[in-house]
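The values are calculated or read from the model by the stated rules, or taken from the named source; none is laboratory data. Predicted model, so just to flag it, every value in this text is computed and none were measured. Cβ sites come from the backbone with ideal geometry, for glycine too, and all protein chains shown count toward neighbours.
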Amino acid sequence: MAKRPQTLQPIQPLQPVFSSDLTLTQGRRDTRATTTDTPNTTGDLVALPEQLTLARAQAFHTYVRRGAVFHVKRGSVALTPAPRWLAATVWAAPVNLTAGHAHVVQETGWLVLSTDQGAELTCHDGDAPPERWLTMPWRGLRARFGF
C-alpha cells in the first residue's frame, strides 16, 4: 500500500496563452491591475488598444465606432469592413494599407485587420455618441443600483 504524502505541494498558476490585445477585444481586462466601480459610460464598446502589433499571418477582429482611426506604422495591412448589401449580393471591399497610411472608419461595426508579413498599427477610438437626455435618468439608476 502506498504511503500518503505529508504535505501537499502548491499548484503553480498557468501562464497566459493569449496576448493582452485579445483580452481588450473580448471585454475582459486584468482586474488585478485596477478595480473600479464606475459604470461603462461609453456604451458596450470596448476600448481599442493604442498600439497593436500583428504577427505574420495574423488577423485582428474588432467592433469599432464611427470615426476610429487606424495608422499603419510598419508593414502592410488589409482592412476588411463588415459586409454590406449591394443590390442582391453581399459585398465587402478590403482596403490595403501600407506603412504611413491611415484609415478612418466610416460606419460603426465589425472589421478585420489582417496581415501576411506582420505589421504595427496605432489605433484611436472614434467619438462617443452624444448622451440623450431621456437616457440620463436610466443610466443614473443603473449606476446607483448596479444593474
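Do any strands (runs of 3 or more DSSP E) entirely within the stretch 57-109 hold 2 or more residues that are under 21 Å from residue 119 (Cβ atoms) and of a type in the set (S, T, N, Q), and if so, which?
Numbers: elements: 59-64, 69-81, 84-86, 89-91, 95-98, 102-104.
Fully inside the stretch 57-109 and qualifying: 69-81, 95-98.
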Which listed residue is over 16 Å from residue 48 (Cβ atoms), without any contact (Cβ under 8 Å) to a residue 60 or more places away in the chain and surrounded by 10 or more Cβ atoms within 10 Å (Cβ to Cβ), from 115, 89, 98: 98
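Rundown of residues vs (1) basic (Lys, Arg); (2) at pLDDT 90 or above, yes/no style:
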{"position": "34", "(1), (2)": "no, no"}
{"position": "39", "(1), (2)": "no, no"}
{"position": "47", "(1), (2)": "no, no"}
{"position": "52", "(1), (2)": "no, yes"}
{"position": "84", "(1), (2)": "yes, no"}
{"position": "104", "(1), (2)": "no, yes"}
{"position": "111", "(1), (2)": "no, yes"}
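Only one of 65, 139 is closer than 19 Å to residue 48 by Cα and charged (D, E, K, R). Can you tell me which?
Working: 139 fails: closer than 19 Å to residue 48 by Cα.
Only one candidate passes the filter, namely 65.
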Residue match in the stretch 123-143 (condition: at pLDDT 75 or above, part of a strand (DSSP E or B) and closer than 30 Å to residue 71 by Cα): yes
Within the stretch 43-56, tally of residues that are in a strand (DSSP E or B) and touching a helix residue (DSSP H, G or I) at 6+ places or on another chain (Cβ under 7 Å): 1
